[in-house]
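Q: Below you will find the structure I want to go over with you.
The values are calculated or read from the model by the stated rules, or taken from the named source; none is laboratory data. All of these numbers come straight from a predicted model, not from anything done at the bench. Every residue, glycine as well, gets a Cβ built from its backbone with ideal geometry; the counts of neighbours run over all protein chains shown.
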Amino acid sequence: MKILVTVKQVAALDEDFEFRSDEKDVDEDFLIYDLNEWDDYSVEEAMKIKEASDGAVEVVVVSVGPDRVDESLRKCLAKGADRAIRVWDDAMDGSDSVAIGRILAAVIKKEAPDMVFAGVQSSDHSHGSTGISTAAYLDWPHAAVVSDLKYSPGSATAIIRRELEGGLSHEVEIACPAVLTIQLGINKPRYASLRGIKQAAAKPIEEVSLADIGLSAEEVGADSALSRVRRMYVPEKGRAAMIEGTPAEQATRLIEIMREFKGE
Amino acid sequence: MAVPVQAGDLVRIVLQHRDPFAAAAVYNVATAGQRQALEEVIVGERRNALMFARWEHTPGGVLQAMAGSGDQAVKMRLDKNPGTPGQALSHLYSSEKQATLIGLIAQHAHTPANVLEAIAAFESDLKILKAVSSNPAASVRAIRLLVTRMPGQFDSAVATNPATPADVLEQIYARGNAFIRAAIVAHASCPLSVLDRACGEHEINVLRQVARDQRVDAEVLATLAGHADVAIRRGVAANPAAPDALIGMLAKDDAVSVRRTVAARNFLTPATVMCLSQDADHWVRQWLGRYPLLPKIMLRQLAQDSEMIVRRAVARNPASSAQLLKKLAADSEAWVRSAVAYQVNATPSLLRWLAEDTEVDVLCGVASHPRTPQHILQRLTQSPDADVRRGVILNRSAKRRVLWPLLQDPYYLHRMLLIGNPALSEKDRWGLRDDPDKAVRFAVFKWFSDRFAQGEKIH
């Protein structure tokens, strides 16, 4: 039995930063990379199923990206994932979330897992579409924003709870294999043990090329993307204003503003 | 690898492994020649330079070395970093042309007085000058310069700046609005002459500050205690100089916030205590429950209060007896039992009993209590809850054999906290030198570096 978890190394920003000269992204020197928070929950959910199972369950993590992504994959290995796969080819540069979905679907077809987890979204680009586009390429059932999961390895179905607007929940029975996008709070992700980190450092990360998954350069990258970034910029500031004066003066003005908003 | 016994060994190890975080940690104990090599490791790559310029733990010496950078982004981060030393800021100001960056230097707490004086004397940008007027590091000279150069322009900031001298406060009191006058009365250097004038004011904001001033005489306080404004009466209730009779009267005030303030005072007469113990507001009774001079009979009464926060207050009170604590340790609310677990008077037997609790808040208290037996602490190091394990780490009585397994704790912050624990040996700390977490490695090398800087010998 196999669970495949798709993960992404995301970029976090400091408060001051510079754009690249093409103005399509932030200068890489200002980015701090880490495992996407949603994916941390996906890996934990897979680990919980593995640890609760009587039979053998293999957890495989997959990511699309250059060498630096290995660091995030090792984090997953340190938490107990059995294998890590990194897919990369320079031709993949500029892929949008739909093209990434195509790449991940190709890996999944090859790996043939019983269940696929992805994060609801990534904290940097927030498209919320990679997991769903992966399911579309696979033509598998899918469910988004999963906040609870009841699934026994080998079962033909899983019972899931989805978060809806207005505090509502949606309980759904889904046929397996399926792609589920996992929501924050579904579990409490563990910290990797020191032993786990040391063992992960020695584990190999499988590097997969385009040819290995049967895709061509034309099927990935900026040219195959359905959307492309035109420019990235800081929008003009809104109506924020500094309230000047002594603390009492500031408090008085703040109360006035609140009363104005309340129409008093 | 053996524990280094002198600074030179430590720096050589760092240069061999070329870890930027370890390099930053040992920079202060390196020789001039070694520093150059360390700088290559620390800021050789721009992304590292940007990171260290912003990092709150970057040692002052490293930030000082970075002040010579020509990279505007690095300079901006240095200007913003609260740890940047005065010498570095002085150097940055000497070559700075951008108003935004000068503004950051003008508001930095470490900017030397002479730099702030130069800014106050020669800059013309109002935002920059306002930053100086708000900076507690500004000298009296800098503040006088600003008040003289642009009278009235920065009165709000000057009135609240702790560095402002009494004569300047007096000067701006005469022209300030009610808010500025109130801020001046609240100022630690407010002269008596200004306070006397303020006592005769009718402005509520000013009187609120007058009511809190210990120098105000009893007659004025008595008048203010009858004022219609609740915040003024609350100010009197908080004033340590208010006579007991006045406090007794305020203990019956209509406003709960006034009675709560009375209940939070350091000293209460028996009559006031009695009055407050019957108060309908449970926050009043909660404050009373924490009063360290509360009679035992009153503690027992409040220990049976229907409100959990009142019972918790009694459980926190250092005057509570062992017998009372034993009763509260069996309370149905975990938050009350937790207060007992943190109580300084909790006995080892009571802590042993509380160690069987299942609530994490209670176990955290037991884990951090210096009277908890070592074998219980040892058991709590195995807790799946990180907060409980952290309690053991922070327990100043925990012995080395208890702490030792926690050096392998999965949570990096725990390993980092252990580095400074005096119960551990140098060898234990040195064992974390190749920790996977950069902050832990930094803390290890910084600990050894600080010891060498102080001339201590490592055994």
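Q: Return yes or no: is B:R352 among the basic types (K, R), farther than 24 Å from B:S320 by Cβ, away from chain A (no Cβ under 14 Å) and touching a residue at least 24 places away in the same chain (Cβ under 8 Å)?
A: no
Q: Oh, and also: Suppose we keep only residues that are modelled with pLDDT of 95 or more and out of contact with any strand residue (DSSP E or B) (no Cβ under 8 Å at 6 or more places or on another chain) within region A:137-166. Which one would you say is farthest from A:V10 (Cα to Cα)?
A: A:D139
Q: Ok, one more. Kindly check whether there is at least one residue in region A:138-153 that is more than 14 Å from chain B (Cβ to nearest Cβ) and part of a helix (DSSP H, G or I).
A: Within region A:138-153, one or more residues are more than 14 Å from chain B (Cβ to nearest Cβ) and part of a helix (DSSP H, G or I).
Q: What's the total number of residues in region B:420-456 that are assigned to a loop (DSSP other than H, G, I, E, B), more than 14 Å from chain A (Cβ to nearest Cβ) and exposed (fewer than 15 other Cβ atoms within 10 Å of the Cβ)?
A: 6
Q: Out of the helices (runs of 4 or more DSSP H) lying entirely within region B:1-98, which hold 1 or more residues that are more than 14 Å from every other protein chain (Cβ to nearest Cβ) and either modelled with pLDDT of 95 or more or under 15 Å from B:F442 (Cα atoms) (or both)?
A: Once the helices (runs of 4 or more DSSP H) in region B:1-98 are filtered for at least 1 residues that are more than 14 Å from every other protein chain (Cβ to nearest Cβ) and either modelled with pLDDT of 95 or more or under 15 Å from B:F442 (Cα atoms) (or both), what remains is B:7-17, B:20-26, B:32-43, B:60-66, B:86-94.
Q: Now for a separate question. Consider B:M298 against the criteria (1) closer than 27 Å to B:L250 by Cα; (2) under 31 Å from the mean Cα position of the chain (by Cα); (3) assigned to a helix (DSSP H, G or I): it satisfies all of them except one. Which criterion is unmet?
A: Every condition holds for B:M298 apart from (2).
Q: Can you say whether B:A313 is touching a residue at least 12 places away in the same chain (Cβ under 8 Å), part of a helix (DSSP H, G or I) and among the aliphatic types (A, V, I, L, M), as far as the supplied structure shows?
A: yes
Q: For region A:154-211, which positions are in contact (Cβ under 8 Å) with a residue 12 or more places away in the chain and of a type in the set (K, R)?
A: A:R161, A:R162, A:K188, A:R190, A:K203, listed by residue number.
Q: Could you check A:D67 against (1) surrounded by 19 or more Cβ atoms within 10 Å (Cβ to Cβ); (2) out of contact with any strand residue (DSSP E or B) (no Cβ under 7 Å at 6 or more places or on another chain); (3) at pLDDT 95 or above; (4) not hydrophobic (A, V, I, L, M, F, W, C) and say which number it fails?
A: A:D67 satisfies every listed condition except (1).
Q: Kindly establish whether B:I204 is within 12 Å of chain A (Cβ to nearest Cβ), within 30 Å of B:V262 (Cβ to Cβ) and surrounded by fewer than 16 Cβ atoms within 10 Å (Cβ to Cβ).
A: yes
Q: Return the residues of region B:374-419 that are part of a helix (DSSP H, G or I) and more than 21 Å from B:V440 (Cβ to Cβ); say none if nothing qualifies.
A: Those that are part of a helix (DSSP H, G or I) and more than 21 Å from B:V440 (Cβ to Cβ): B:Q374, B:H375, B:I376, B:L377, B:Q378, B:R379, B:L380, B:R401.
Q: Where in region B:192-259 are the helices (runs of 4 or more DSSP H), entirely inside, with at least 1 residues that are within 27 Å of B:G176 (Cα to Cα) and over 28 Å from the mean Cα position of the chain (by Cα)?
A: B:192-199, B:204-212, B:218-225, B:230-238
Q: Hand me the list of helices (runs of 4 or more DSSP H) wholly inside region B:139-183 holding 1 or more residues that are away from every other protein chain (no Cβ under 14 Å) and surrounded by fewer than 24 Cβ atoms within 10 Å (Cβ to Cβ).
A: B:140-149, B:166-173
Q: What are the residues in region A:70-95 that are in contact with a strand residue (DSSP E or B) (Cβ under 8 Å, 6 or more places away or on another chain) and not in a helix (DSSP H, G or I), if any?
A: Across region A:70-95, the qualifying residues are A:G80, A:A81, A:D82, A:R83, A:A84, A:I85, A:R86, A:V87, A:W88, A:S95.
Q: Follow-up. Which condition from (1) within 14 Å of chain A (Cβ to nearest Cβ); (2) touching a helix residue (DSSP H, G or I) at 6+ places or on another chain (Cβ under 9 Å) is the one that B:P384 breaks?
A: (2)
Q: Follow-up question, since we're still on this one. Kindly indicate the residue of region B:15-28 that is buried (at least 21 other Cβ atoms within 10 Å of the Cβ) and of a type in the set (A, V, I, L, M) and also nearest to the chain's Cα centre (by Cα) among those meeting that condition.
A: Within region B:15-28, the match that is nearest to the chain's Cα centre (by Cα) is B:A25.
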